Amino acid sequence: MEKRFTPLRRFKADQLSVQVYSNRLQMGQAASLDVIARMKELLKIKEKIRMIFASAPSQSEFLEALKKADVDWKRVTAFHMDEYINLSQATPQSFGQFLRDHLFDAVKPGEVHFIDGLKDPIEEGRRYSKLLQKAPIDIICLGIGENGHLAFNDPPVANFQDPNIVKIVELDPLSRQQQVNDGCFERLSDVPTHALTLTIPTLMSGHHLYCIVPGPTKKNAVQKALNDSISSTVPATILRNHPGCVLYLDQAAYGEDV
């Protein structure tokens with residue numbers, strides 16, 4: 001059993017539970033232990049559970065710790081929350097490939113459903129929507145972008161009442177720049193301009209949300225998410241309306257003395 005670290009600070013922002021840790025490793029480990037405990041709890045009462053995962057370097061410590069989960073992954077159906085359009089699943093920058101490399105190849109879930117960015121995006125969005133609609137989503141593991149996005153729901157396209165389950169979006173320049181900042185692409189011109197993303201209502205429909213957000217580049221987005229009025233100007237503010245969401249931060253992302 002991994003050591004459980006005590007957060008430097010624990011508080012609530014509306015309905016959102018917030019935990020601040022001293023560093024990324026402690027933050028990721030704390031989040032993984034909570035997710036593992038929830039998985040075990042649900043698997044005692046359900047034959048299978050359905051989970052959605054974010055794909056980003058910000059999730060690396062969390063996913064590494066999650067690999068050690070002593071749970072029956074064969075009873076897990078897994079999804080991811082976004083994918084570039086016109087990018088092969090085998091490309092290193094593919095979000096599906098990221099999750100293969102950092103989690104799925106190690107734990108081997110019973111089912112994994114990937115978004116295929118090379119297929120017709122309208123048809124692929126419909127296909128993935130049908131898969132997501134088959135049963136409620138139990139657990140969603142997500143992050144927050146530098147511009148406050150959730151998945152690829154950037155401020156210009158985020159819609160808290162979105163009628164879609166999955167939709168095609170044009171990526172905000174700040175969101176594309178983040179991919180360069182994260183080291184996923186060498187230059188901005190290399191980053192695809194469009195993607196398929198799960199919408200805000202789809203993400204908010206998850207029963208249990210675990211949001212992992214480390215690093216100083218997220219400080220501005222985190223402070224806005226915690227303190228600004230709830231609006232699509234900062235999509236992550238909507239997390240404050242979810243009664244089952246926990247936000248895990250390291251001290252650098254929180255950005256205040258604790």
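The values are calculated or read from the model by the stated rules, or taken from the named source; none is laboratory data. Please read these numbers as outputs of a predicted model, since none were measured by experiment. All Cβ positions, even for glycine, are placed from backbone atoms using ideal geometry, and neighbour counts span all protein chains on display.
A search for C-beta distances below 7 Å between a residue of the stretch 55-82 that is free of Cβ contacts under 8 Å to residues at least 24 places away in the same chain and under 30 Å from Arg176 (Cβ atoms) and any residue that is among the charged types (D, E, K, R) and buried (at least 21 other Cβ atoms within 10 Å of the Cβ), counting only pairs 6+ apart in sequence or on different chains, returns nothing. Just the residues that are more than 20 Å from Pro214 (Cβ to Cβ), not hydrophobic (A, V, I, L, M, F, W, C) and not in a helix (DSSP H, G or I), please, taken from the stretch 61-92. Those that are more than 20 Å from Pro214 (Cβ to Cβ), not hydrophobic (A, V, I, L, M, F, W, C) and not in a helix (DSSP H, G or I): Asp70, Asp72, Thr77, Glu83, Tyr84, Asn86, Ser88, Gln89, Thr91, Pro92. Scanning the stretch 159-194 for residues that are assigned to a strand (DSSP E or B) and at pLDDT below 95 yields a total of 2. Ile230 satisfies every condition listed in (1) crowded, with 21+ Cβ neighbours inside 10 Å; (2) closer than 16 Å to His149 by Cα except (1).
Restricting attention to the stretch 15-41, report how many residues are in a helix (DSSP H, G or I) and either crowded, with 22+ Cβ neighbours inside 10 Å or of a type outside the set (A, V, I, L, M) (or both). Please lay out each step first, then the result.
Applying the first criterion (in a helix (DSSP H, G or I)) to the stretch 15-41 yields 24-41.
Filter once more, so that each one left must be either crowded, with 22+ Cβ neighbours inside 10 Å or of a type outside the set (A, V, I, L, M) (or both): 24, 26-32, 34-35, 38-41.
Qualifying residue count, the stretch 15-41: 14.
When restricted to residues that are out of contact with any Lys or Arg (no Cβ under 6 Å at 6 or more places or on another chain), surrounded by fewer than 16 Cβ atoms within 10 Å (Cβ to Cβ) and under 23 Å from Asp182 (Cβ atoms), the stretch 90-112 contains 5.
One line per residue, one yes/no per condition, for (1) closer than 24 Å to Tyr21 by Cβ; (2) within 15 Å of the chain's Cα centre (by Cα); (3) assigned to a helix (DSSP H, G or I):
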site	(1), (2), (3)
Leu196	no, yes, no
Thr202	no, yes, yes
Leu209	yes, yes, no
Ile212	yes, yes, no
Lys219	yes, no, yes
Val222	yes, yes, yes
Leu226	yes, no, yes
Ser231	no, no, no
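Looking at the stretch 42-60 only, could you name the residues that are more than 24 Å from Leu249 (Cβ to Cβ) and either in a helix (DSSP H, G or I) or touching a strand residue (DSSP E or B) at 6+ places or on another chain (Cβ under 7 Å) (or both)? Selection gives Leu42, Leu43, Lys48, Ile49, Arg50.
From Ile137, Ile212, Ile115, which residue is surrounded by 20 or more Cβ atoms within 10 Å (Cβ to Cβ), hydrophobic (A, V, I, L, M, F, W, C), more than 18 Å from Pro57 (Cα to Cα) and out of contact with any Leu (no Cβ under 7 Å at 6 or more places or on another chain)? Walk me through how you get there before you give the answer.
Numbers: Ile212 fails: more than 18 Å from Pro57 (Cα to Cα); Ile115 fails: out of contact with any Leu (no Cβ under 7 Å at 6 or more places or on another chain).
Answer to the check: Ile137.
Whenever a residue of the stretch 219-237 is farther than 11 Å from Asp14 by Cα, its partners that are among the aromatic types (Phe, Trp, Tyr) and crowded, with 16+ Cβ neighbours inside 10 Å, lying with C-beta atoms within less than 9 angstrom and at least six residues away or across chains, give the pairs Lys219/Tyr254; Val222/Tyr254; Gln223/Tyr254; Ser231/Phe160; Ser232/Phe160; Pro235/Phe160.
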